[in-house]
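Heads up, the thing below is written out as structure tokens.
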């Protein structure tokens, strides 16, 4: 695998003051045998994957099974509805763009809720799957290079996408340009400051190296979006599926290809209930879990 020639510099602020925290590898998908360092920038505080994969290698890190092959809206309804409810608290109508929309499940849920929603997705496979099973408007492309209208949207969302992006600050500046005044930005990411992240470290499921290029805490993400001209309105901590998945996926495989009946039984009968109970305890004791979302307005 090739690595970015700037891999020793912070991908957020450009500083060379990176301090390694621990080593890790691609435990979830096993797309590469390379070892990576999880490092913190002492200038801006953002934790990141070092070295960063070269842009030309990124596609190879997302195997076919990374994106669902079918649209199962019934099982996804509650999960997508939680997202809609968070957006609705801050803006209950308008033009919405979902960046990294995958197969379009959230876009469909948002349209059903009355938003003029569309999605952009860099994976052609995901877009093809989404368009095959529904009529949601999905655009195949890279957010930074796709032509989007200035002040054209009331809401822009990133649901567990922002941590995958090579140029987060450039992305935020473009979001600022395409949002209308007082428009809403929503970014949901894994919580690197959570108890489960500190407990499992290199084995933490939501670390997901090397697909996750940045590892945000609420404070570092808030500072990043404020630097780009946004004002944070809310930090939302309860994400039922992500909180428990971060725990369960750290101790056993989640729905691996060719899963045995025994593994499936242990995962469903023991693993899921225990992980959910542990996630609830984490939320009760620490008031945060394996993921969080920041809602901010364009100044």
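Residues that are in contact with a strand residue (DSSP E or B) (Cβ under 9 Å, 6 or more places away or on another chain), touching a residue at least 24 places away in the same chain (Cβ under 8 Å) and more than 21 Å from residue 109 (Cβ to Cβ) within segment 125-151 comprise 146, 148, 151, listed in sequence order. Scanning segment 12-71 for residues that are without any contact (Cβ under 8 Å) to a residue 24 or more places away in the chain and either closer than 26 Å to residue 217 by Cβ or touching a helix residue (DSSP H, G or I) at 6+ places or on another chain (Cβ under 6 Å) (or both) yields 14, 16, 19, 35, 37, 39, 40. In the set (1) at pLDDT below 90; (2) over 17 Å from residue 209 (Cα atoms); (3) surrounded by 15 or more Cβ atoms within 10 Å (Cβ to Cβ), the condition left unmet by residue 7 is number (2).
Restricted to segment 45-62, and to residues there that are part of a loop (DSSP other than H, G, I, E, B), surrounded by fewer than 18 Cβ atoms within 10 Å (Cβ to Cβ) and more than 17 Å from the chain's Cα centre (by Cα), the residue that is modelled with the lowest pLDDT is 54. Per the listing 162, 230, the residue uniquely in contact with a strand residue (DSSP E or B) (Cβ under 6 Å, 6 or more places away or on another chain), within 18 Å of residue 50 (Cα to Cα) and in the same structural domain as residue 117 (by TED's automatic domain parsing) is 162. The set of residues from segment 100-113 being in contact with a helix residue (DSSP H, G or I) (Cβ under 9 Å, 6 or more places away or on another chain) and without any contact (Cβ under 8 Å) to a residue 60 or more places away in the chain comprises 101, 102, 103, 104, 105, 106, 107, 108, 109, 110, 112, 113. The combined condition, being farther than 22 Å from residue 217 by Cβ and buried (at least 17 other Cβ atoms within 10 Å of the Cβ), is fulfilled by residue 155. Each residue in segment 238-270 was checked for being modelled with pLDDT of 90 or more and assigned to a loop (DSSP other than H, G, I, E, B), and 3 of them qualify. For segment 113-153, the set of residues classified as in a loop (DSSP other than H, G, I, E, B) and closer than 21 Å to residue 81 by Cα consists of 113, 114, 115, 134, 135, 136, 137, listed by residue number. When segment 177-211 is filtered for residues that are touching a strand residue (DSSP E or B) at 6+ places or on another chain (Cβ under 7 Å), buried (at least 19 other Cβ atoms within 10 Å of the Cβ) and closer than 17 Å to residue 20 by Cα, the ones remaining, listed by number, are 192, 207, 209, 210.
Evaluate the following for residue 206: is it in a loop (DSSP other than H, G, I, E, B) and within 18 Å of the chain's Cα centre (by Cα)? No.
Among the conditions (1) over 21 Å from residue 41 (Cβ atoms); (2) surrounded by fewer than 22 Cβ atoms within 10 Å (Cβ to Cβ), residue 173 misses just one, which is (1).
The values are calculated or read from the model by the stated rules, or taken from the named source; none is laboratory data. Remember, it's a predicted structure, so these values are computed and weren't measured experimentally. Quick reminder, even Gly has a Cβ in these numbers, built from the backbone with ideal geometry, and neighbours come from all protein chains shown.
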